[in-house]
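Worksheet: the structure to be examined is printed underneath.
The values are calculated or read from the model by the stated rules, or taken from the named source; none is laboratory data. Keep in mind that what you see is a predicted model, and the values were worked out from it rather than measured. Because the Cβ atoms are built from the backbone with ideal geometry, glycine has one as well, and the counts that use them run over all protein chains shown. Calculation scope for accessible area: heavy atoms of the full protein, side chains included, ligands and nucleic acids excluded. Shrake-Rupley method; radii C 1.70, N 1.55, O 1.52, S 1.80 Å.
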4 protein chains.
Amino acid sequence: MQEIGIGIVGGGYMGKAHAVAHAAVGAVFGTRLRPRLEMVCASSAQSAEGYRQAYGFAHATSDWRTLVNDPQVGAVIIATPQETHRPIAEAAFALGKPVFCEKPLGASLADSRAMVAAAEASGCANMAGFNYIRTPASQFARKLIADGAIGDITWFRGEHTEDFFADPAAPATWRTHGAANGTMGDLAPHMINAALALIGPIDRLIAEVETVHSKRPGGTVTNDDHAQMMCRFANGVMGQMYFSRIATGRKMGYAYEITGTKGAIRFDQEDQNALWLYRMEGPDATRGFTKILTGPDHPDYLPFCQGPGHGTGYQDQIIIEARDFLRAIETGQPVWPTFRDGMEVNRIVAAALQASEQKTWVDVATI
Amino acid sequence: MQEIGIGIVGGGYMGKAHAVAHAAVGAVFGTRLRPRLEMVCASSAQSAEGYRQAYGFAHATSDWRTLVNDPQVGAVIIATPQETHRPIAEAAFALGKPVFCEKPLGASLADSRAMVAAAEASGCANMAGFNYIRTPASQFARKLIADGAIGDITWFRGEHTEDFFADPAAPATWRTHGAANGTMGDLAPHMINAALALIGPIDRLIAEVETVHSKRPGGTVTNDDHAQMMCRFANGVMGQMYFSRIATGRKMGYAYEITGTKGAIRFDQEDQNALWLYRMEGPDATRGFTKILTGPDHPDYLPFCQGPGHGTGYQDQIIIEARDFLRAIETGQPVWPTFRDGMEVNRIVAAALQASEQKTWVDVATI
Amino acid sequence: MQEIGIGIVGGGYMGKAHAVAHAAVGAVFGTRLRPRLEMVCASSAQSAEGYRQAYGFAHATSDWRTLVNDPQVGAVIIATPQETHRPIAEAAFALGKPVFCEKPLGASLADSRAMVAAAEASGCANMAGFNYIRTPASQFARKLIADGAIGDITWFRGEHTEDFFADPAAPATWRTHGAANGTMGDLAPHMINAALALIGPIDRLIAEVETVHSKRPGGTVTNDDHAQMMCRFANGVMGQMYFSRIATGRKMGYAYEITGTKGAIRFDQEDQNALWLYRMEGPDATRGFTKILTGPDHPDYLPFCQGPGHGTGYQDQIIIEARDFLRAIETGQPVWPTFRDGMEVNRIVAAALQASEQKTWVDVATI
Amino acid sequence: MQEIGIGIVGGGYMGKAHAVAHAAVGAVFGTRLRPRLEMVCASSAQSAEGYRQAYGFAHATSDWRTLVNDPQVGAVIIATPQETHRPIAEAAFALGKPVFCEKPLGASLADSRAMVAAAEASGCANMAGFNYIRTPASQFARKLIADGAIGDITWFRGEHTEDFFADPAAPATWRTHGAANGTMGDLAPHMINAALALIGPIDRLIAEVETVHSKRPGGTVTNDDHAQMMCRFANGVMGQMYFSRIATGRKMGYAYEITGTKGAIRFDQEDQNALWLYRMEGPDATRGFTKILTGPDHPDYLPFCQGPGHGTGYQDQIIIEARDFLRAIETGQPVWPTFRDGMEVNRIVAAALQASEQKTWVDVATI
């Protein structure tokens, strides 16, 4: 077993999730490379020290450059607002350090492209953090499709829907300002990443992006509440997507349906331990969607969850990300999703915004 | 109680369903106007006689004009292929006889417009047969929305998906030829009608209509397998629809989700006795989608189904249609959906076909 | 096609359901024997005449003997309170007329035994009306078990639960008096019949029968609110049952789970068009309960419901009963469930009441 | 923040789960008392050293006495086979060290009683590990009942069902020998604990315990495959339970239904992030079971899982146990479930075995 010092930039929600993941991943997966919580960075020295104690880091700093430059920090995790992703990543790559960056990759497509260039020039391990696709159910869906279990895909429908802004009386916050914090900036990337991973690249699309509640107590809303999209994948599959933060009743509506010539798959993150599979096999009388409970026979099922039905949850997705990041560092081989995959998501978002504004189909290759 | 002689043109699947419905509706709903199975018409004298005996009609004919002209026939039900709807309806209206016409109304928008003109000129009761929307669950959904139970609608998603042509090896039949028998011609009208009934008129839309399996054993397929649509309703609601006859695993995927500012509704005809309702009421800790089983407290629940959970099925939808048609005849008041409503569905189909061909948004008012 | 005059004793809820069923059954199933609504009997001449008009009978009477004796009445349906079942059935059998009797067969086990004796002595068709087991899903469950699809059965759990008396403030009615109207008398027979049909005869059992709300507005409750049972079937299967009219939230909780050595089956009448089937087949990774939507490939699916997912409902169960009764009359062969099957249900109820009182296991053979 | 050295006896499945939990709990819940992975004990020095490295303990031993006696070990977690629980616990309590013991508490009721006596004499924190009841959904169910949300309870049904021995061809293992490893010894305690926690003490019960597949490849089975029970709680509630390791298709069938006079609750661990709640409130037309997704508004929801729907899994239950054990140590107040609660579970198991053998109701007070 070897050790690597982990530096996490950002101590909030996602920083904490990654800190817990790196504290647990060695024992959970028996990784050869063992992470050590070396340094945490936050916007003030005081909050950084608070995070250090709370999560068990050795050191704290309020300057991300200190963290990136520290020789004890062998790998960097970026869990800060999007605007800051690019300089941190570029600095780390310049020093030859692997970087895991939370989704969405860059605050703009230009940023993401620069980050991909820096990553690839450095030859370092680089991963983008799209956690939801990490559930065993979704990884099994990918495998089923790749194995041809449902034949050729004919249709895809995906959504990422939540309802934290469904109530028009919910006051304006930092989330109601800045494209990066709106639905297309923050929620849509999860499902777009899933669509690319499950079906493949998107060729063209048309979309409508909309702010439904433009005034909220405390201010005007300057970013989008929901968006709908139709698209055509490179392999000819036709699809629809929908993203919303005003989807009343939806808590984690990360859901998709995939129809193929030999079967179909359905998934909803609100019941993340189940995958629904239909196959055109056997007599008609016994056909139907089968509710498969994920377990040890599925990819990425946590080894200590002995049987199916024991269940994995949100934090487990982050632990799996940690394992994969360590694996990428250790092997020097890229592990999906790389920065390039993250950039492709930004590209689809940019295409959708253009399609909505111009009210036309947009060819993604032109973006 | 008064009696009315019913003439049904078409003795196949839907003709039978209407015959059974009119045999049962009086007892089920205690209607004042009582239908009498007077005459059935089929393409040959032999099959007409077979239907007469099988369903219990007094007379049979192979000429729809005989049926329409018979003075004992007080009302006409059209359950024949779409191409024949117009002349039969026009002839009946010319004689001042009420007409119930199966969906979709006309084989073309022009036909439908002519049928509406004939109906309205005659002043006769006229109804279009969109049976699925007749379930108590869907009627309750309409009522909830009208009562403001889920606030202002922000999004609609509807589908009509089945899988009878999912298998590429399924041979070509009459269903694989003629626009009227394709997905947009035959399946889509059901959900388009639901969308109009639940949300309101559609202002503009964009669509993709596609034949996935263009060759089947026995011939080339000349109509569409599936289609996707995005639309904007007149009241500003944004929406998506999908129609398919190749939706592997879907048997009666007549399903919709409606999101509002105060709640949400979900329905799937595959479990037609349940409506899912979310409301932003009470403490967060006890909120969630409520699975309401339809019963006597809901509109159109069959009176002999004493309690919720007893369950209504496909034939019950047709019995409700029969009751409503009798009511329209008796009161002289239009009962939804009228021919005009049926024509609006044809208009949306025409707009979608144009949008798909031109690859642009189409303003429905221009159709 | 031949005709038979149907006489229905009792014009209330079930009488109406059977009247509608016999008006529809010929057209629905294309039966060779065609029923004619000949006479309806109710407690007063006025109500009988009301039923006659409402349901379309030729004649009405307030004396069941008149109905039974009328030569135009070829078969008798008993849909009156349990106390009256025996004399009506005996009179009909004495005249050689087939009898369909609503569940539960007799008001007492002695009555049921006498009715079976009369039926078998007459050689007439005789059927007991347990409608819920008639759904295509439950008939398919029987077939799957018989075909060995789930191997040897190891466990059975059944319930019949509703909530019409869940509210302690619900006033006393005729339903709160008389053993025949309590949970064991009225609800339990449905699920006991299902258990016998699905698994086989019961050897021994132990039960607890209880009145939870002994006082209600308007009076004292003298019959049982709910009951639980454990039993051992003759084939060694171990099982549990529960019956309740105070099962808050349950509307038609006619539900069972059957575990076998090769698979399992689950059913709930609240979603009566679905059967859940698990089979120990194929790789573990794709195993799970399959939600089968009943359709034309399943027994007793109504022929006009073209595809799976169209859905059958409560009234359709009664139509299927009508078809089977006609078939029994026509062929002279007994059709399940016969009076003898109905009597076996009474026997289990009697055994359960004794087990509850004596607080011991009861050997059914001793009853 | 203070630190405490944790010693875990047993490095297998549960030992690992607890090791991960104690590595994560501080960061997850921000506990004031912080665990330090001090020592792990396994049956051989080699495997102990393997666990030490894998899970990150400071020291390893093959002698549990060494672990218990080590002054750096401030609290002991017992995750060994049941037969060993008692001496380890007694030794730890004798030294005044808090003990967390995996379920079931003792290998026999006598062992459990001795362990309770030792625990209470020592005054030390003591907890029994029934992890499944720790899900936010089940903790919320307890709260709802305590708050009277569903009125007075009238019925309880619980099951713990899995299918790891459903296949008769599955070979005999250590699990097929020894009462402690059978269904009543190993699985039933989980649901019995839930029943006691949700409803209260059980007064009397009757049960059947059975070995269905007594011969398996590799040997004879000497313990039980499944068991059914009926019981009466001290508060008068009537209930049924079922436990099985041959419940084909069930992976984590830890499920219960609770009926009250004002509502009902349903839960199934296979979808552990959902609780179904029915309440007799509001108009009948909008009543139904509400599917509540657990989130921050529910007890014990993990703080880093921002919103409902993010989801908790198996390991999270163990992390919550770790938090509660630390809390008990820190405050000196007993935290449920204590050893006494664990002993009560053993008592019910003993009563059930007696009831099955004697085929009579058993009064739990006599055990």
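Per-structure values
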item	result
Radius 11 Å from Cβ of D:Ser356, net charge of other residues (Lys, Arg +1; Asp, Glu -1)	-3
C-alpha center-to-center spacing [region A:1-71, region D:86-141] in angstrom	35 Å
Label point distance in nm, D:Lys143-C:Thr222, each placed 7 Å from Cα along Cα→Cβ	4.7 nm
FRET efficiency, 1/(1 + (r/R0)^6) with R0 60 Å, evaluated for A:Thr84 and D:Gln354 via beta carbons	0.35
Teacher prompt: C:Thr222 distances to equivalent labels in other copies, 7 Å Cα→Cβ, nm	5.8, 7.6, 7.8
At 7 Å out from Cα toward Cβ: D:Gly30 inter-copy label distances (nm, ascending)	3.7, 6.4, 7.3
Average partner coverage of D:151-164, which counts Cβ from other chains inside 10 Å	4
Kirkwood Rh in Å, taken over all unlike Cα pairs in the protein assembly as shown	34.3 Å
Within-13-Å neighbourhood charge of B:Leu293 [Cβ basis; K, R +1; D, E -1]	-4
Axis-nearest residue of C (beta carbon) for the C-onto-A rotation, whole Å	C:Thr290, 2
For region D:46-62, Karplus couplings with θ = phi - 60° (6.51, -1.76, 1.60), whole Hz, Gly/Pro x	5, 5, 4, 5, x, 5, 3, 5, 5, 9, x, 6, 6, 9, 9, 8, 9
Two-site label geometry, D:Ala169 and B:Ala121: point separation in nm, points 7 Å out along Cα→Cβ	7.5 nm
Residue-averaged beta-carbon neighbours from other chains (10 angstrom radius) around A:47-55	2
Distances in nm from D:Ser62 to the matching label points in the other copies, shortest first (labels 7 Å along Cα to Cβ)	5.5, 9.6, 9.6
Exercise: per-residue mean of other protein chain Cβ atoms within 10 Å, C:343-349	0
Residue-count net charge about D:Gly178 - beta-carbon cut-off 10 Å; Lys, Arg +1, Asp, Glu -1	-1
Relative contact order computed over chain A (Cα-Cα under 8 Å; 6+ residues apart), in percent	19 percent
Positive-pole candidate from D:Gly106, D:Ser214, D:Val76, dipole of region D:74-221, charges at beta carbon	D:Val76
Cβ-derived FRET efficiency at R0 30 Å, C:Glu281 paired with B:Lys215, nearest 0.05	0.35
Cα centre as origin, Lys/Arg/Asp/Glu Cβ charges: region D:96-181 dipole, Debye	280 debye
Value of [θ]222 nm, deg cm²/dmol, for chain D, DSSP H segments ≥ 4, -39500 (n - 2.57) each, nearest 500	-10000 deg cm²/dmol
Diffusion coefficient, µm² s⁻¹, Stokes-Einstein with Kirkwood Rh over alpha-carbon pairs of region D:2-132 at 25 °C and 0.890 mPa s	170 µm²/s
Per-peptide average of other Cβ atoms within 10 Å, ordering D:36-43, B:168-175 highest first	D:36-43, B:168-175
Region D:208-343 shape via C-alpha gyration tensor axes, a/c threshold 1.5	oblate
Cα-based shape type of chain D, given that a ≥ b ≥ c are square roots of the gyration tensor eigenvalues and the cut on a/c is 1.5	oblate
Solvent-accessible area, 1.4 Å probe, carbon plus sulfur percent, for region B:2-132	50 percent
Buried solvent-accessible surface, both chains (A, B), 1.4 Å probe, Å² to nearest 100	3500 Å²
Tensor-based shape of region A:226-275 (alpha-carbon gyration tensor, a/c under 1.5 rounded, otherwise prolate or oblate)	oblate
For region A:154-160, 3J(HN,Hα) per residue [Karplus equation, 6.51 cos²θ - 1.76 cosθ + 1.60, θ = phi - 60°, Hz, x = Gly/Pro]	10, 7, 9, 10, x, 9, 10
Where labels lie 7 Å past Cα in the beta-carbon direction, separation of C:Ser44 and C:Arg65 in nm	2.2 nm
Length gained when the stretch D:Glu330-D:Asp203 is fully extended (0.36 nm per residue, less Cα-Cα span)	42.3 nm
Cα-based Rg of region C:87-154 normalised by 2.2 N^0.38 Å, two decimals	1.45
